[in-house]
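Read the structure below first, then the notes.
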Amino acid sequence: MSGPVTLITGGSRGIGAATARAAAARGARVVISYANDEDAAASVVEACHAAGSEAVALRCDVAVEQEIVDLFDATVERFGRLDVVVNNAGILRPIARLDDMGVDRLREMVAVNVVGALVVAREAVRRMSTRHGGVGGAIVNVSSVAAYLGSPNEFIDYAATKGAIDTMTIGLAKEVANEGVRVNAVRPGLIDTDIHGSSGVPDRVERLQATIPMQRGGTAEEVADVILWLASDAAGYVTGALVNCSGGR
C-alpha cells in the first residue's frame, strides 16, 4: 500500500477513532495510539482493515516522553515514513469549579493535554521537517472551543490547556512553515462522544444543545472531516489556522 501514513494519538475512541476510520476509508495507512482500552483500539484497527487499510494500534501514555518517542520510532520503522500527525490524545475530568480542584488534577491535566501534546508535535517535526531530513507533512492539533469560552463552573483547567494548544499551533506553524510542515488546529464544540462521561455528565450534549445556534450537537465524524481536510493537499496553503467545528457556538 502507498497511502499517506497517518498517526493519530488517542485513536481508540471518539474523535480519534472517527478520524482513523475516515482516514482508512480514504486510503491512508493508519497508526493509532491508546492509553488503556486495548479492546477499543483493536476494534478501530478492525474497522480500518475492513476499509482496506493497513492499520496498527500501539499503546502510548502521552504523559511519558519516552513512550511518545517509541510510538514515533515504531511508526517510522513499520511504514518507513510519516505524513500526517493528528495530535488528539487528551483528558477531561469531572465538572468542578477551579477553587475545588486539587493540584494533582491540575498537574495531570497539564502533563497530558499540554506537555504531552507539545512532545507529540516535537517528535512529528523531528521526523517530517526538511530541517531534519524529512520530506514535509501535516500536523493537526485537536483543541476545543473551550479555549475561548473558558468553561466557567465546569472545566477551567481543560479550557486552559486548550488555550495552550491554540498558542502552540500558531507559533509552531510559523516556526516550520518553510520546512515543509503545516500545523493547524480544529476546535470542536459540543460533540456527541463518550468523553462527556468522563465529566460525570453523559447527557451534556443533550442538555446544552439549545445553546448552540444550529440547535444540535456535532458528531465525531464531522470533526474528522475537518481534520482530514486540514491534513490534505486541498489545504496546502493553510497553516496556523484554528478552525471551529462547533455549530456556530
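Tell me which residues come under 5 Å, amide H to amide H, from residue 245 once H is placed; ignore anything under 5 positions away on its chain.
The list, which skips near neighbours in sequence, is 187, 189.
Tell me whether region 100-161 comes out rounded, prolate or oblate; compute the Cα gyration tensor, take square roots of the eigenvalues as a ≥ b ≥ c, and use a/c under 1.5 as the rounded threshold.
It is oblate, given that a/c is not under 1.5 and a/b is not larger than b/c.
Taking 7 Å along the Cα-to-C-beta vector as the label spot, tell me the residue 76-residue 106 distance in nanometres, rounded to one decimal.
Each label point lies 7 Å from its Cα, and together they span 3.7 nm.
Sort 132, 196 by Cβ crowding within 10 Å, fewest neighbours at the top.
So the ranking, lowest neighbour count to highest, is 132, 196.
Given the options 102, 184, 134, identify the residue whose Cα lies farthest towards the positive end of the charge dipole of region 82-204 (+1 on Cβ of Lys, Arg; -1 on Cβ of Asp, Glu).
134
Can you tell me how much longer the chain between residue 46 and residue 233 gets when fully stretched, taken as 0.36 nm per residue apart minus their C-alpha distance, in nm with one decimal?
Stretched fully, the residue 46-residue 233 segment lengthens by 64.6 nm.
Tell me which residues come under 5 Å, amide H to amide H, from residue 8 once H is placed; ignore anything under 5 positions away on its chain.
Long-range HN contacts for residue 8: 31, 32, 33, 86.
Rounded to the nearest 20 Debye, what is the dipole magnitude of the chain about its Cα centre when Lys and Arg each give +1 and Asp and Glu each give -1 at the C-beta?
640
Exposure proxy check: 148, 237 ranked by fewest other beta carbons within 10 Å?
Listing 148, 237 from fewest to most nearby Cβ atoms yields 237, 148.
Where in region 17-56 are there GluC sites (Glu not before Pro) that are in a DSSP coil and have at most 13 other Cβ atoms within 10 angstrom of their Cβ?
Listed in order of number, the matching sites amount to none.
By per-residue mean of other Cβ atoms within 10 Å, what is the highest-first order of 12-23, 71-82?
Ranking, from highest mean packing down: 12-23, 71-82.
Sticking with the crude label model, points 7 Å out along Cα→Cβ, report the distance from residue 211 to residue 132 in nm, one decimal please.
3.9
No lab work stands behind these numbers, since they all come straight from the coordinates. This structure is a prediction, so every number in the text was calculated from the model and none was measured. All Cβ positions, glycine included, derive from the backbone under ideal geometry; neighbour counts span all protein chains shown.
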